[in-house]
Structures are given as C-alpha cells and as structure tokens.
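The values are calculated or read from the model by the stated rules, or taken from the named source; none is laboratory data. No experiment lies behind these values; they were computed from the predicted model shown. As a convention, Cβ positions derive from the backbone with ideal geometry for all residues, glycine included, and neighbour counts pool all protein chains shown. Surface areas here come from the heavy atoms of the whole protein model, side chains and all, with no ligands, DNA or RNA. Shrake-Rupley method; radii C 1.70, N 1.55, O 1.52, S 1.80 Å.
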Amino acid sequence: MTASTPPDMALYWNEALADELLHFLTKRLKCPEIAADLTQETFIRFYQFVKENPPDNARALAYRIAINLANDYQRKIKVRERFNAEMPADFHADDYPNETPGPEQTVFAQQRLYILQTALDELPEDCRNAFLLHSIEGLTGPEIAARLGVSNIKVYRLLVKATAHCELRLDDAE
C-alpha cells in the first residue's frame, strides 16, 4: 500500500471498536456527550495517522489516541475550574469594555503613523535621532547628549524642534 492509496479502514476500525472506546471514555469522563465527541475525534485522528502509517496494533493505537484526548480534555477542565475559582462571584466579562481597537481606530492609527513617519523623514538627521532616542528607546536628555556628542541644551532644542514639527504635521492632517 502506498501513501497515496487510502487504507481499507474496515481492517483497522469497526463499530465494535468505536463502541468499546465510547464505553471506555464515558466511564472515564462521566459524560456521554463528551465521550461521543472524543470518540469521533479519536476516529478522525486515527484515520489521519493510518493513512500514512498502517498500524501493527490498531486497537492499541485507537486507545492511545482516545486516552490522550481524554487527558487533554481533563486538563482543560482543571484549568477552567481553577480560573473560575479565582474569579470574583460577581465577575461578568460583559461588564468590562473590549479594549481591542476597531477597524476605524486601526486605520486612523495607521494614517497617523504614516504622517508621523513622513514628518520624521523631513527633519534633519540629528533632530530625528534625538527624537527617536527619546521616544522609542526612552533615553534621557543627558544620555542622548552623550550618545550624539552634543550638549544637554542642544538635545533639548532638538527635541523641541522635532516635537513641534511632528505636532504641526499631525495637526495639518486633521
């Protein structure tokens, strides 16, 4: 059998094996609905594996997949329980605003960023560098002065000039 030829699943998976796994998972998880879902997921993963690697022991493979799925499910339940236990009883997610920006806010921010980049490109190099060192890298005036080899007063003037220029360009755009 080649990898491109689908295996005859009847050789590996049958209704008896599915029923056996369903019974096993129901007993382990104490929930027939979850057991049924995991049995179906077991078949899907089993089939994907068998397409490439015909197993020596199909039953053992099916059980290994089912056990792994059950373990994953039980871990998720424990995490949810722990999370819910840590939440205040009066917590409701709907009470808290979604801070993810909407599409309009994203486009507006991208436009402002483009304007700011253009404004920075218009500045002399020393002015732009001082602004970036302060705004992006968070350096202080004396640190910028040392990095650029200029006085603290010169750094102050460069930052004032750069900030005023960027604000003017942003104001003009609005």
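Some points to look at:
- Every residue from the range 41-64 that is polar (S, T, N, Q) and surrounded by 12 or more Cβ atoms within 10 Å (Cβ to Cβ): Thr42
- Within the range 137-159, residues that are in contact (Cβ under 8 Å) with a residue 12 or more places away in the chain have Cβ atoms under 8 Å from residues that are among the hydroxyl-bearing types (Ser, Thr, Tyr) and in a helix (DSSP H, G or I) in these pairs: Gly141/Tyr156, counting only partners at least 6 apart in sequence or on another chain.
- Subset of the range 97-133 that is more than 20 Å from Leu170 (Cβ to Cβ), in a helix (DSSP H, G or I) and open to solvent by 80 Å² or more (accessible area, probe 1.4 Å) - its residue that is modelled with the highest pLDDT: Glu125
- Tally of residues being under 20 Å from Arg112 (Cα atoms), modelled with pLDDT of 90 or more, among the aliphatic types (A, V, I, L, M) and open to solvent by less than 60 Å² (accessible area, probe 1.4 Å) across the range 134-174: 3
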